[in-house]
Amino acid sequence: MPSLVTFPTILAALAAFALIGPAAAPGGEDWKILFDGKSTDAWRGYSRDGFPAGCWAIEGDTLKTVSGGKGPCDLVTREPYRDFDFELEYKLSPGGNSGVLYRVAE
């Protein structure tokens, strides 16, 4: 009997989520997209004025490290931010470190 009660409950929950739909994508005047898959204009190198192109490359819509890139290769946003939500997807080799730091003084 419990499985008969559970199935309708799950079905109702799935239907409710389908009606809600996905959340609106960030953008507009309240959001700043830092990487759009095409441009690194929002970024510069740590302790540099320019982007460390010898360390990073855009492949498809992904920002990837360049093998053998000459450091320093750390990225910093060109503009300072006080109140933010930061979201990213990354892929690392086993034992790797995302290296994501924020509120760092240069």
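Please treat every number below as a calculation from the coordinates, not as lab data. As the structure is a computational prediction, the values presented were derived from the model and not from experiment. Backbone-built Cβ (ideal geometry, glycine too); neighbour counts: all protein chains shown.
Here are the numbers for the structure shown:
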quantity: Per-residue HN-Hα couplings for the range 44-60 [Karplus 6.51, -1.76, 1.60; θ = phi - 60°; Hz; x = Gly/Pro]; calculated: 9, x, 4, 6, 9, 7, x, 7, x, 4, x, 10, 10, 9, 8, 10, x
quantity: Spin-label zone in the range 66-106 - amide nitrogen under 19 Å from a point set 7 Å from the Cα of Ala57 along the C-beta vector; calculated: 66-75, 91-93
quantity: Gained length - Ser39 relative to Leu92, 0.36 nm times residue gap less alpha-carbon distance; calculated: 16.9 nm
quantity: Amide H contacts under 5 Å for Trp43, placed H, 5+ residues apart; calculated: Arg78
quantity: Ranked by how many other beta carbons lie within 10 Å on average, peptides 90-100, 60-70 from highest; calculated: 60-70, 90-100
